[in-house]
Amino acid sequence: MNPKPDLGALYGATTGAKTFLGLEECPDLDHLAAPIALIGAPCATPYASVGAYCRNGPDALRRATGSLTANVDRHDFDHGGPVFPSRGKRPVDCGNLAFDEADSASNRAKIADAVSKVLSKGAIPVLLGGDDSVPIPMLDAIGAAAAGKKYTILQIDAHIDWREVHMGERLGLSSTMRRASEMPHIERIIQVGARGIGSAATSDHQDAVAWGVKFITAYELHKHGIGAVVDLIPEGSNIIICIDADALDPSLVPGVIGRAPGGLSYYQAVDLIKGAASKGKIAAMDFVEFMPERDVDDIGAFTIARLITTALGVLARQAA
């Protein structure tokens, strides 16, 4: 029997590519000169019961782009041209942050420090998680650098993450949007894609609504379309997009812990990103909760990696 053929070679795949899309490395953020910085954040504040279960997500997403590395400058039909309109607008890959499962405070500090450095260079941070506690220190860092700016969060997720505390932890993945609501620079939260039975209590949802969250459930999105979300974003907004891999349907991304039918399609997710960019400036993004150990034949890794690729192209087109 013949060994499994290397189908990636047909596309000029780079074997063992170390960076996302084969982008230039920038291991030292003090020397960052690119307009967009990819940063792997394998861990922030894990629950003791499961630990850093998405720690391998960033590297799996990088590997998934191997088949695209040789063709990244070819025509991309999702952009009507190359992913990156010019070499000067290419992102760089800054590698993974070090982490310690037993030292959540240090993990959060590393993430916040990295995001702060990226922002100080006038660049856009794009975090690859890691579980959904990763956005909390990212949001904190944005607040520290806000200088009076107010931000709209567009969260795309199957879960609302409004628990006050879970397993004795206030900064874990189930509390991300509640913690965001407490930050003075966050003036608006739009949450898209909730479906099925999640971890939230009805009182959590009520608290979110009372704060002012606008919810578009997965069912409502399928029924009313992307416009129902984009219309909620005021013109000229500063936008932070937080994407949990389980927002997409598990037929596309099986590599998540909370599979639930009825998730978003790839192009619905793309249109949400493009729609947000049409209403304001995307200041930061995160892609979290991809768990390669739960994936099927790397389908999810490639889907999320392709979504990140498209998002980078959107950011490159808005970068000054």
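Computed values, structure above
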{"quantity": "Helices (runs of 4 or more DSSP H) enclosed by the range 153-233 - at least 3 residues per element that are without any contact (Cβ under 8 Å) to a residue 60 or more places away in the chain, among the hydrophobic types (A, V, I, L, M, F, W, C) and over 15 Å from Gly263 (Cα atoms)", "calculated": "202-211"}
{"quantity": "Output for the range 290-311, where each listed residue is on the phi < 0 side of the Ramachandran plot and among the charged types (D, E, K, R)", "calculated": "Glu293, Arg294, Asp295, Arg306"}
{"quantity": "Any hit, the range 64-82, residues being touching a strand residue (DSSP E or B) at 6+ places or on another chain (Cβ under 9 Å) and under 16 Å from Ala305 (Cα atoms)", "calculated": "no"}
{"quantity": "Any hit, the range 280-302, residues being in a helix (DSSP H, G or I), surrounded by fewer than 22 Cβ atoms within 10 Å (Cβ to Cβ) and among the charged types (D, E, K, R)", "calculated": "yes"}
{"quantity": "Tally of residues being in contact with a His (Cβ under 8 Å, 6 or more places away or on another chain), buried (at least 22 other Cβ atoms within 10 Å of the Cβ) and among the hydrophobic types (A, V, I, L, M, F, W, C) across the range 140-172", "calculated": "3"}
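No value in this document is a laboratory result; all are computed from the given coordinates. Since the model is a prediction, treat every value here as computed from it, not as a measurement. No Cβ is skipped: glycine too gets one built from the backbone with ideal geometry, and neighbour counts run over all protein chains shown.
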